[in-house]
Structures are given as C-alpha cells and as structure tokens.
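The values are calculated or read from the model by the stated rules, or taken from the named source; none is laboratory data. Since we're looking at a predicted model, the values are computed, not measured. Neighbour counts run over all protein chains shown; Cβ positions are idealised from the backbone, glycine included. Only protein heavy atoms, including side chains, enter the accessible area calculation; ligands, DNA and RNA are left aside. Shrake-Rupley method; radii C 1.70, N 1.55, O 1.52, S 1.80 Å.
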Amino acid sequence: MSAYETIHVEQRERVTLITLDRPKALNALNAQVLAELLDALAAFDADEGQGCAVITGSEKAFAAGADIKEMSAMGFAEMYGSNHFSGWEQFARTRKPVIAAVAGYALGGGCELAMMCDFILAADTAQFGQPEIKLAVSPGMGGSQRLAHAVGKAKAMEMVLTGRMMGAEEAERAGLVSRIVPAADLVEEAVKTAATIAGMAPLAVLANKEMVNAAFEMPLAQGVQFERRLFNGLFGSDDQTEGMAAFVEKRPGQWKGK
Ligand code: HXC
C-alpha cells in the first residue's frame, strides 16, 4: 500500500512521522485507519534506515475513539466471530520504538492507541479518557489493562466507571504521560525525542524496549534474568565494542546495527 487516505506518513531522516488524518470524525479509528497504520508500521519496522516512529493526530484530537458509526450495527456474533479489534494487537508488537504525541482528545480506542505506544508526550491541551461505559460497552483494545498499569487501580477504575476525562497535568502526575509540552511545540519535540532514540545503536534500542516491556509481563526475578540475558547478548555486538571505544576516545559512536 503506498497512497494512504486516513494517515500521512513522512520520513524525517531516521524518524517516521505518522499523522492520523480523518478530521471529519476527529480521527476515529475505523477498519481503514487500522489497515493503513499496520501497513505503515510494518514498513517502518522493516526499514533499516528508520529508527523511531511518532504517531500524532490533529490539534483537536489525537483520536476520539474507535469509530462508533462503524461499530453501531455490529452484533455479538460479528464482533466475536471476526475478533474485530484483534488487528490492534499487531500494532503493539512493533519492535522499534513508537512515541505517541497527543494533543486534544485521546478517548476510548484513541487513549488505548496512545497507551500501546512506548510512551506518550502530551500537549497541554491533551484529554485522556475511556468513555466507553457511556455507550454501554467497555474498553476493548487493552485500555482497562494498560490504564490500570499506568495510573493504578483507583484512577483507572474511576475513569472507566465514570468515563471522565483526565487533563494533561493530571495525566503527567499519574504517570500516564512522560512529559507535557506546549501544544505548538508538540510534534517538533516528539520528532526531536524520536531522533535522539533513532541515533542510538539499533540493537540496543530493541533490547532496551523489550526489557522495559518485560516488566509488565513477568515477575521481578524473571524480569531481572531476562534483562541480564539481553544485556549479555549486547556484548556480542560490534556496536558495543564501538560504543565503549568511542566513549574512551571521546568521539561519537558510529553504529553498524550489528
Ligand atoms: C465516530 C466520531 C467519533 C467516534 C467523534 N466523531 N467521535 N465518529 N466515532 N468515536 C464525529 C462526530 O460524530 C462528528 O461527526 C464529528 O466527529 C465531530 O464530533 P463532535 O461530537 O461534533 O465534536 P465535539 O462537540 O467537539 O465533541 C468532541 C468529543 C465527542 C467530546 C470527542 O465527539 C465525543 O464524545 N466523541 C465520542 C468519544 C467516545 O465515546 N469515544 C469512545 C468510542 S468507543 P458529524 O458527522 O456529526 O459532524 C471506543 C471503543 C474502544 O473507542 C474499544 C475498541 C475495541
């Protein structure tokens, strides 16, 4: 797929910037958005020239949720039988880092999409919420789980049971976002952060991402073992030799990705 209709993809040196672009529906996530996003991310993950991706939306909305109009006519058999939203699990399996740059509404599936990314940079205008209960449903792309991991039981429970939104400052205090930046600077700051990551040794980037994610899947002792194995493995890379030599010689490292 080359010409997308619901997203824009732009490469800025080693950073892939993906912008959701369905303004009439506040970037609601329909099947076409999912297909296009998965295609763009697979291309990003496979491209040795690319090191980190940023996903953003518009000033008004990162994404206002799964597309309610697309879902409204679906029944249980269709939803369950086709495992309708399971494609999003593929999104979360992207190996290289993906940063969410969120301005405006990140609601329902939009909040879940942001949380599937490796971290969230928020504009001061960002609003996060899981309002599905108001539609008599629930989060379905991992929101109840990832939100509880990110902000703890009390806030996650209040948010999913009442549907209330959380502003950027509360989200930062609660640990949902890594940083708040002025809305006008959001995309540039996210791309700059992504460029920093994309400038690191590629195998170390994959390993560091993988080990932090392991903290959410494994008991502590097993996670520490997992970290140690990856750490030891990095000592088999040319880039480790180069990285440490470059430090001693007071020069930047030149990475081979090997
Ligand atoms: C489809 C949507 C939409 C959505 C907004 N729109 N959100 N269409 N799906 N999730 C459309 C509106 O219908 C409207 O289209 C246009 O976008 C502008 O929206 P308005 O409501 O007019 O804008 P505003 O008054 O500024 O209100 C913004 C808003 C509101 C607060 C974000 O749009 C809203 O509450 N949206 C729904 C949020 C939500 O419930 N999200 C969770 C969805 S369920 P028209 O054609 O009328 O101009 C979900 C399930 C996840 O995400 C689990 C999946 C497995």
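Structure data summary
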read-out	value
Residue-normalised accessible area of the chain, given per residue in Å² at a 1.4 Å probe	53 Å²
DSSP H segments from the chain that extend 20 Å or more along their own axis, Cα-based, with Kyte-Doolittle mean of 1.0 or above	31-46
Cα gyration tensor shape for the chain, rounded if a/c is under 1.5, else prolate or oblate	prolate
Hits among lysines - C-alpha to C-alpha of residue 256 under 24 Å, sequence gap 8 or more where chains match	96, 192, 209
Residues of type lysines that residue 155 reaches as a straight line, Cα spacing below 20 Å, ignoring anything fewer than 8 places off in the same chain	134
Dipole magnitude of the chain, debye to nearest 20 (Cβ charges: Lys/Arg +1, Asp/Glu -1, about Cα centre)	500 debye
Lys/Arg +1, Asp/Glu -1 at C-beta; segment 83-186 dipole; positive extreme among 113, 128, 84	84
Percent carbon-and-sulfur accessible area, the chain, ignoring ligands, DNA and RNA, probe 1.4 Å	57 percent
